[in-house]
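What follows is a single structure, written as structure tokens, with notes after it.
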Amino acid sequence: LERPFLEVPRNLREWSLRLGQERRLSRALGSPHVSWQGIGGLDASGATIGRQAREDREDREDRRHYVSKFLSQEWFDDMKNLAESQPERPNASARMQYVVTGAPDGDVQYYWVLVDGKLLECALGELAESEVTLTQTYDDAVKIQKGELDATAAFMQGRVKVTGNMAKVMSLLPITNSPEYKQLQAELGRITEY
């Protein structure tokens, strides 16, 4: 399977870690992955089963258990990988800093770098030369991510405070209502622990 979001690893350990992350994410989302038929095992009743059936059962179990904690670096890595499928949107580019206040472990700062609708960077920390900073409470961030609060409505109600290039934010808000973005939000929600 071709995985365009994986870069060439520098060493065997890095390769192993990336492959593990890719497989966990693939399993969590129910995506197919490479498997081989014909290598047997035993099911709960003692009957011989093929490797495919055993891997399918393991995949169902993994999907129930794989989650990443909301606003953790692992969660941002999962978001970036899932966002690879987002369509290109010419001129939808921005360097955005986010601040989430009142999170369980304290305030969280993270950033996105969007270029033509593609999420090139998504990580914890501060972004040098950000064009805009969006600040929101942890509760509102959770509601937005779960789809319980529309991002545009939160912005219009002042629940998301904006400093910097307001026109840039206004031009990007329609993306949050696109079917592709809603699908990304749903996929990410399935593997998120709040």
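Taking Arg159 and the conditions (1) surrounded by 13 or more Cβ atoms within 10 Å (Cβ to Cβ); (2) touching a Ser or Thr at 6+ places or on another chain (Cβ under 9 Å); (3) in a helix (DSSP H, G or I); (4) of a type outside the set (Ser, Thr, Tyr), which numbered condition does it fall short on, given that it satisfies the others?
So Arg159 meets the others, but not (3).
Could you go through region 124-132 and let me know if any residue there is open to solvent by less than 30 Å² (accessible area, probe 1.4 Å) and under 19 Å from Asp78 (Cα atoms).
Scanning region 124-132, I find at least one residue that is open to solvent by less than 30 Å² (accessible area, probe 1.4 Å) and under 19 Å from Asp78 (Cα atoms), so the answer is yes.
Looking for whichever is modelled with pLDDT of 95 or more, among the charged types (D, E, K, R) and in contact with a Gly (Cβ under 9 Å, 6 or more places away or on another chain) here; the options are Arg54, Arg89, Arg63, Arg95. Which one fits? Spell out how you get there, then give the answer.
Numbers: Arg54 fails: modelled with pLDDT of 95 or more; Arg63 fails: modelled with pLDDT of 95 or more; Arg95 fails: in contact with a Gly (Cβ under 9 Å, 6 or more places away or on another chain).
Step by step, each of Arg54, Arg89, Arg63, Arg95 is checked, and only Arg89 is modelled with pLDDT of 95 or more, among the charged types (D, E, K, R) and in contact with a Gly (Cβ under 9 Å, 6 or more places away or on another chain).
Do you know which residues across region 97-117 are under 17 Å from Tyr181 (Cα atoms) and assigned to a strand (DSSP E or B)? Working first, answer last.
Step one: of region 97-117, the residues under 17 Å from Tyr181 (Cα atoms) are 112-117.
Within region 97-117, Trp112, Val113, Leu114, Val115 meet the criteria.
Report, by residue number, each residue of region 66-91 that is assigned to a helix (DSSP H, G or I) and either touching a strand residue (DSSP E or B) at 6+ places or on another chain (Cβ under 6 Å) or of a type in the set (A, V, I, L, M, F, W, C) (or both). Spell out how you get there, then give the answer.
The first filter runs over region 66-91 and keeps only residues assigned to a helix (DSSP H, G or I), leaving 73-85.
Of everything in region 66-91, those that are assigned to a helix (DSSP H, G or I) and either touching a strand residue (DSSP E or B) at 6+ places or on another chain (Cβ under 6 Å) or of a type in the set (A, V, I, L, M, F, W, C) (or both) turn out to be Gln73, Glu74, Trp75, Phe76, Asp78, Met79, Lys80, Leu82, Ala83.
Considering region 113-151 alone, what residues qualify as being without any contact (Cβ under 8 Å) to a residue 60 or more places away in the chain, polar (S, T, N, Q) and under 22 Å from Tyr194 (Cα atoms)?
Thr135, Gln136, Thr137, listed by residue number.
Being open to solvent by 40 Å² or more (accessible area, probe 1.4 Å), within 25 Å of Lys69 (Cα to Cα) and in contact with a strand residue (DSSP E or B) (Cβ under 9 Å, 6 or more places away or on another chain) is true for just one of Gln109, Gln145, Gln136. Which residue is that?
Working: Gln145 fails: open to solvent by 40 Å² or more (accessible area, probe 1.4 Å); Gln136 fails: open to solvent by 40 Å² or more (accessible area, probe 1.4 Å).
One residue alone meets the criteria, Gln109.
Among the candidates Arg89, Arg190, Arg159, which residue alone is closer than 19 Å to Phe76 by Cβ, touching a residue at least 12 places away in the same chain (Cβ under 8 Å) and basic (Lys, Arg)? Break it down into steps so the answer makes sense when it comes.
Details: Arg89 fails: closer than 19 Å to Phe76 by Cβ; Arg159 fails: closer than 19 Å to Phe76 by Cβ.
So the residue among Arg89, Arg190, Arg159 that is closer than 19 Å to Phe76 by Cβ, touching a residue at least 12 places away in the same chain (Cβ under 8 Å) and basic (Lys, Arg) is Arg190.
Kindly provide the set of residues from region 162-187 that are open to solvent by 50 Å² or more (accessible area, probe 1.4 Å), over 18 Å from the mean Cα position of the chain (by Cα) and touching a residue at least 24 places away in the same chain (Cβ under 8 Å), ordered by number.
Passing the criteria: Thr163, Gly164, Asn165, Met166, Ser171.
Scan region 121-156 for residues that are among the hydrophobic types (A, V, I, L, M, F, W, C), in contact with a helix residue (DSSP H, G or I) (Cβ under 8 Å, 6 or more places away or on another chain) and either assigned to a strand (DSSP E or B) or modelled with pLDDT under 95 (or both) and jot them down.
Here is the first cut: in region 121-156, the ones among the hydrophobic types (A, V, I, L, M, F, W, C) are 122-124, 127-128, 132, 134, 141-142, 144, 149, 151, 153-156.
Narrowing the set further to residues that are in contact with a helix residue (DSSP H, G or I) (Cβ under 8 Å, 6 or more places away or on another chain) leaves 122-124, 132, 134, 144, 149, 151, 154-155.
Once the filter is applied, which keeps residues that are among the hydrophobic types (A, V, I, L, M, F, W, C), in contact with a helix residue (DSSP H, G or I) (Cβ under 8 Å, 6 or more places away or on another chain) and either assigned to a strand (DSSP E or B) or modelled with pLDDT under 95 (or both), region 121-156 yields Cys122, Ala123, Leu124, Val132, Leu134, Ala151, Phe155.
The values are calculated or read from the model by the stated rules, or taken from the named source; none is laboratory data. Since the structure is predicted, the reported quantities are computational estimates derived from the model, not experimental observations. Cβ atoms come from the backbone with ideal geometry, glycine included; neighbour counts cover every protein chain shown. What goes into the accessible areas is simple: the full protein's heavy atoms, side chains included, and nothing from ligands, DNA or RNA. Shrake-Rupley method; radii C 1.70, N 1.55, O 1.52, S 1.80 Å.
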